[in-house]
Amino acid sequence: MALQNKYNSRTISGYYPSDTKIFALGGLGEVGKNTYCIECNDEIIIIDAGVMFPDDSLLGVDYVIPDYTYLIRNQEKIRGLFITHGHEDHIGGIPFLLKVCSITDIYASKFAAALIQKKLEEHRMSNRTVIHIINKESRFTSKYFHIGFFDITHSIPDSYGLAVQTPNGWIMSTGDYKFDLTPIGSNADYQRISYMGEFGIDLLLSDSTNSEVPGFSISEKNVAKSIDEIMEKTRGRIIIATFSSNVHRIQQIISAAIACGRKICVIGRSMENVVQIGRDLGHIKARDDDFIEPTTLDSYRANKLCVLCTGSQGEPMAALSRIANGSHRYVTIIPGDTVVFSSNPIPGNATSVNDVVNNLTRLGAIVHTNSIMTNLHTTGHANQDEQKLMLQLVKPKFFMPMHGEYKMLRMHADTATQVGISPENIFICANGDILIMRNHEVFLCDSNRIQTDDIYIDGNDSSGIATAVLKDRQVLADNGLVAVIVTINSQNNTILCRPNIVSRGFIFIKEGQELLRDGELIVYKALRQRMMQKTTFGELKNCIRETLEPYLYSKTHRNPIVIPVILNHIDGQALNKNRQ
Ligand SMILES: [Zn+2]
Ligand SMILES: [Zn+2]
């Protein structure tokens with residue numbers, strides 16, 4: 001137990017402009033919105049700009065992005081945004097960042113660049129920045145930084161790690177990676193990684209997503225074998241769902257389908273995009289006539305078809321969920337169909353995936369999900385033994401686990417101590433913590449932090465929505481809504497008829513009739529009292545809330561949102577005043 005207190009023990013107060021500062025705006029203590037920054041004097045480089053997908057508590061929120069305030073205030077220092085690979089938790093924040101902050105140059109691999117380009121076109125902002133295509137031979141040089149890249153294996157082609165030379169020492173960031181000795185895409189560049197380790201890396205930032213999983217992850221080739229087998233053995237139609245972000249898997253599914261003479265029907269927008277870009281860049285090898293439109297599904301024999309779709313996580317709007325509940329426009333389950341989940345449910349999605357599996361089974365489909373027996377899925381992230389291998393190849397002096405919730409970062413730190421990194425040299429940081437690198441030594445700054453909050457994106461509004469709005473949505477969901485409609489005449493300060501209370505989602509109306517009736521009377525009395533003196537609409541609305549809220553709470557122990565609506569009736573004309 002004494003060990004855990006030794007992490008983060010090297011601290012320092014304050015820093016000089018000439019120190020190298022390393023901090024994250026997103027990605028530490030969470031899975032998503034990866035945004036890491038390295039700063040020295042008047043230069044900043046950014047590594048990745050991701051989004052996070054909200055959990056159920058954030059009602060109606062589409063994305064969560066980091067607070068970009070620090071970058072906005074220091075935009076003249078930004079020398080470039082470097083993208084490790086094309087997943088949403090690394091590129092999804094780019095349109096929102098570019099809206100508020102000028103970044104003239106983005107450096108990304110071919111595949112990531114194509115995805116970013118598409119994203120920027122969708123947001124009509126492709127002229128905001130120049131995207132430079134990088135490969136492992138590329139070099140970037142500015143006044144204080146030299147950056148090189150190395151190949152890494154992950155679930156999407158063209159994934160890179162970065163080595164950054166700064167005036168105070170070398171930093172290496174793995175990006176998302178796994179070690180797969182028989183990968184589907186490109187190999188990790190073991191030689192270059194160990195060469196850089198030999199050369200001397202002062203600080204390593206490494207992917208912690210799977211740090212709780214022991215051993216070595218299963219090779220993508222084993223998954224390919226299982227998919228080939230299913231394609232061959234199955235007599236009827238195959239409907240197969242996977243993550244649209246897993247390009248290697250999509251590649252395999254398409255190749256396996258073509259090999260057994262099945263036509264492929266791609267369903268779901270994100271899947272269509274990835275298949276298109278994958279084909280354009282030569283990662284997915286298929287001819288146009290290997291694909292068919294969903295409208296022509298019925299004209300092919302069942303054993304000549306493979307439907308590739310989104311929805312492996314049971315997302316309610318995705319193709320597979322709609323197929324399962326019978327509401328998909330083109331695909332209806334025919335008894336004897338085989339449905340394959342080439343995925344694992346992300347924690348939290350297990351129930352919705354289970355519902356989809358049940359519905360499909362009820363309709364007569366044979367459903368295969370992933371298990372140790374079936375090998376229908378493997379991860380794109382390093383398990384513990386692969387993390388150890390990375391640490392052994394690089395042999396960094398200092399280590400900061402990145403990309404993961406606190407428990408994952410912590411476990412990765414423990415793993416690092418097992419391979420001989422001294423706990424004093426390990427930093428478990430939160431977003432906004434600043435690591436200071438000075439003359440090849442690294443410290444945690446205990447006097448300053450960078451402002452980092454979650455910004456919620458509703459639709460495409462980049463301003464972010466207030467926590468207050470979310471709170472309202474939560475109250476609405478938990479307690480419902482009560483509207484109080486009052487008609488007054490503001491000229492002679494009279495209430496024209498008794499207030500009317502309407503409620504939604506608050507109380508079962510039949511039983512609540514009496515309660516609401518009493519409420520109306522209480523509000524009426526309070527308003528009459530208030531209107532004896534000169535008053536304003538604002539005061540009347542407050543008066544309604546102040547009388548009704550405690551009354552409803554005392555009777556029901558609920559706090560619904562109370563919305564006062566005051567109609568002003570002057571000279572026979574109703575004016576809807578101050579409606580909220
Ligand atoms: Zn990734
Ligand atoms: Zn990631």
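By the rule of a C-alpha distance below 19 Å, with chain neighbours fewer than 8 residues away ignored, the aspartates and glutamates paired with Lys510 are Asp518, Glu520. One chain, two ends: Leu281 and Gln191. Fully extended at 0.36 nm per residue, the span grows by 29.8 nm beyond their Cα-Cα distance. Segment Arg301..Met317, full-extension length gain: 3.0 nm, with 0.36 nm per residue of separation and the alpha-carbon distance subtracted.
Spin-label model, Glu137 to Arg449: label points 7 Å out along the Cα-to-beta-carbon direction sit 4.6 nm apart.
If the segment from Asn493 to Asp518 were pulled out straight at 0.36 nm per residue, it would be longer than the present Cα-Cα gap by 6.7 nm.
Across the stretch 220-368, Cα pairs under 8 Å and at least six residues apart give a relative contact order of 28 percent. Between Ser343 and Asn370, the built amide H atoms are under 5 Å apart, and every one of these is 5 or more places off in sequence or on another chain.
Here each label is just a point 7 Å from Cα along the line to Cβ, and for Phe199 and Asn500 those points are 7.6 nm apart. With a threshold of 31 Å on the Cα-Cα distance, the over-threshold entries among Lys143/Lys395; Lys178/Lys225; Lys221/Lys397; Lys77/Lys136; Lys21/Lys99 are Lys221/Lys397.
Across the chain, the mean sequence separation of Cα contacts (distance under 8 Å, 6 or more residues apart), normalised by length, yields a relative contact order of 16 percent. Size descriptors for the chain, from the alpha-carbon set: Rg then Dmax equal 28.9, 88 Å.
Bridgeable aspartates and glutamates around Lys6 (alpha carbons under 18 Å apart, same-chain partners fewer than 8 residues away excluded): Asp414, Glu424, Asp433, Glu441, Asp446. Distance between the 7 Å Cα→Cβ label points at Asn41 and Thr535: 6.7 nm. Close amide H pairs (under 5 Å, H built 1.01 Å from N) link Val367 with Val339, residues at least 5 positions away or on another chain.
We did not get these values from a lab; they are worked out from the coordinates using the rules stated. No experiment lies behind these values; they were computed from the predicted model shown. Note that we place each Cβ from the backbone using ideal geometry, even for glycine, and neighbour counts take in every protein chain shown.
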